[in-house]
C-alpha cells in the first residue's frame, strides 16, 4: 500500500522556491495570504543564509499554520521578518523553534496590531517578557506604580524622565495589548488596565510639577495655614475605567483651598496660580512629543465653562459653579468623575460636593428631554457624513446610545437609590438590572451589545493607534476587522458574518434607545375594567371601596417609569390572574393592601411587574404571602429585589 504523501517536503521547498514558483505561490494563497509573492519574499528574507534556513525549516509548518490563523497573514509575516532583522537572527529563529508560545504570540500580534508590532520591533528586548507568565497577567495600580518608579529612577533630567515615562507606557501597552489579542484578558480587564496605566502616568506628571513649583513658590496653604492639594479627576472613559488604546483622557482638576503659597526661590503666589501652572505642566508632560513620542492626548473641555473656563477651580469655586451656572449635561458627565491622581482628601471632598448636584432626590422629568436633545445634536452632526450607521461610538445604535440610556436611568433614579452611583457603564447595566429598572432580557442584551461595540472600537484602534470609530466600507478592510474580532473565516465571509451581527445589534440598541426616549403617546391608553363594588363584595372583600381604590392605583401606574409600554403590557397580562388570586386568598383585603404597597415600593423598577406577568405561579404565591399580613411582606416591601430570590426554583 502506497504511503500518503507528506506536506512537509512541500513546505520545506518554500524556503528554496523561486520567486515565481507557481506551486509555492498557490500554496501560500490557499493558506490565506492575499499577496503570495510578497509572502514568499518575506519568508526567504526571514532566513537568508543556509544556516538560518536550516534553523527555520522545522518551524515552517507550525509557523504557516499560525500565520494563516492570524487576522492578516501578510501583515503578520511582514512584521515577523522585520522583527527578526533587529538583532541576532539565528537566536530569534532558535527561539521560534524552542518556545511553544513564541510563534502563536508573534503571528497573532503581527497580524492584529501594526503599532504594537512596531513597538516590539523598536524594543526587541521586550520579547522575552511577553513569553513570561509572571509578566503576562493582570497588573494592579500599585504594581504599575512600582514599575514606573523603577523605570524613572536612573534619570534626573526632565527630558530623560519624559522619555522614560513614554517607554514605560508603551512597554505596558504592549503587554496589555498582547493579553487582549491572545484572549487572556476580557474587555473589562483590558480597559481597567489601560485606565490604571493612565492613572500612574498622571501621578508621575503631578509629582514632577509639584516638586518644581514648591521649589519656586513653596507649599500652597489655606487661610488657616493648613497645606492644601490638587486632585486629578478622570472623566469619560478614563473615569469609567473604559479607556481604549487610542483614547484621549478627559480630565478636570480641583484644589482644596484658596490662599497663598509659603514662598520659595521665585516668591509667593496665589494658590490658584500655583495649581493652574501645575495643570499646564501635567498636560505638557503627557502631550509633548519627545524622541519616544507622546504619552497621552489630554482633553480639558469638560471643565466648568469649557474651553473659556479656568483650568482649575477650588472646591469653593466648584460649589458656586454647580449651584448657579452648571448645565444639565454636566450632571450626566460627572456621573463618571473618578479620582486618578493627586490628593485623595481633596478628591473625596469633591465627590461629596458634586453628589447632590448629580443625583437629586425625587424624579426629575426634565433630564429625559435634555438627554434626548443632546443625542439629537449628535445625530445632526453625523448626518450627511455617511456615518450614521458606521460610527460605532456616535452612530445609530452605537456606544453613545447605550451610555445615554444608562445615564438617564442613573440620573432619574440615582437620587433615591445610591446603588446606581456607578461610573462604569457595563457595571451600571448590571446594577440597573439587579434592581429591576431594566428587565433581565434587556439588561443582558445591552451588556452584550456594549461589549460587542467596545470590542469593535478596540479592534479598530489597535491596528494603527488611530482614534477612529468608523466601521470600514470596503470589503478587504471590513474582512480584516472581522477577523480581528475573532471570526475565523476567509475575509469576505468573515466580513459578511460580522456585518450581519453588527447591524442586528445596533438596530436593537437603537430600538431600545428610541423606545425609552420616545415622547409620551398622545393617544389614550386602553383602560382595564375595575370590578364593581357588588362584584368585589360578592367575592370576599370586606371593604370594596378601598379595594377599588387600590386597584385604581395599580392600574394608573407610577410616573416616569422606564419603558411604560412594557409596564402597561405586564399589568394588562397580570390583572386577571391577580384578581383570581385575590378572590382565592384567605384575606382578599389584606392581600390587595400589601400587594399595592409592594408595587408602590418597586416604583420605576418595572422588571418586577414583567416577572410577575410572566410567572402566574409566582404572582399567586406573592398574593398568598401578602394575605398573611404586614410582617411577612415587610421585607419584600422594603427590598423588592428579593422577589428575584422567590422566583428561583
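The values are calculated or read from the model by the stated rules, or taken from the named source; none is laboratory data. This structure is a prediction, so every number in the text was calculated from the model and none was measured. Heads up, the Cβs are rebuilt from the backbone with ideal geometry, glycines too, and the neighbour counts pull from every protein chain shown.
Couple of notes before you dig in:
- If you check 130, 148, 46, 144 for being over 16 Å from residue 173 (Cβ atoms) and surrounded by 15 or more Cβ atoms within 10 Å (Cβ to Cβ), only one passes: 46.
- Residue in region 268-279 that is within 18 Å of residue 200 (Cα to Cα) and within 29 Å of the chain's Cα centre (by Cα) present: yes
- Condition met for residue 453 (in contact (Cβ under 8 Å) with a residue 40 or more places away in the chain, over 14 Å from the mean Cα position of the chain (by Cα), part of a helix (DSSP H, G or I) and closer than 28 Å to residue 296 by Cα): no
- Helices (runs of 4 or more DSSP H) enclosed by region 349-440 - at least 1 residues per element that are surrounded by fewer than 20 Cβ atoms within 10 Å (Cβ to Cβ), more than 22 Å from the chain's Cα centre (by Cα) and at pLDDT below 90: 366-382
- Flag for residue 305 being at pLDDT 95 or above, under 29 Å from the mean Cα position of the chain (by Cα), surrounded by fewer than 18 Cβ atoms within 10 Å (Cβ to Cβ) and in the same structural domain as residue 193 (by TED's automatic domain parsing): no
- Taking the criterion of being more than 37 Å from the chain's Cα centre (by Cα) and outside any helix (DSSP H, G or I), the residues of region 32-83 that qualify are 47, 48, 49.
- So residue 568, is it modelled with pLDDT under 85, closer than 24 Å to residue 405 by Cα and outside the structural domain of residue 437 (by TED's automatic domain parsing): yes
- Of the strands (runs of 3 or more DSSP E) entirely within region 179-291, none holds at least 3 residues that are at pLDDT below 95 and on the phi < 0 side of the Ramachandran plot.
- Single match in 205, 117 (criterion: crowded, with 20+ Cβ neighbours inside 10 Å and in the same structural domain as residue 343 (by TED's automatic domain parsing)): 205
- Every listed requirement among (1) in contact (Cβ under 8 Å) with a residue 60 or more places away in the chain; (2) in contact with a helix residue (DSSP H, G or I) (Cβ under 8 Å, 6 or more places away or on another chain) is met by residue 298 save one, (1).
- Test for residue 86: is it assigned to a loop (DSSP other than H, G, I, E, B) and surrounded by 14 or more Cβ atoms within 10 Å (Cβ to Cβ): yes
- In the set (1) over 30 Å from residue 449 (Cβ atoms); (2) touching a residue at least 60 places away in the same chain (Cβ under 8 Å); (3) touching a helix residue (DSSP H, G or I) at 6+ places or on another chain (Cβ under 7 Å), the condition left unmet by residue 159 is number (3).
- Residue count for region 516-533 under the criterion of being modelled with pLDDT under 85 and out of contact with any helix residue (DSSP H, G or I) (no Cβ under 6 Å at 6 or more places or on another chain): the result is 11.
- Among (1) at pLDDT below 95; (2) surrounded by 20 or more Cβ atoms within 10 Å (Cβ to Cβ) - the single one residue 335 does not satisfy: (1)
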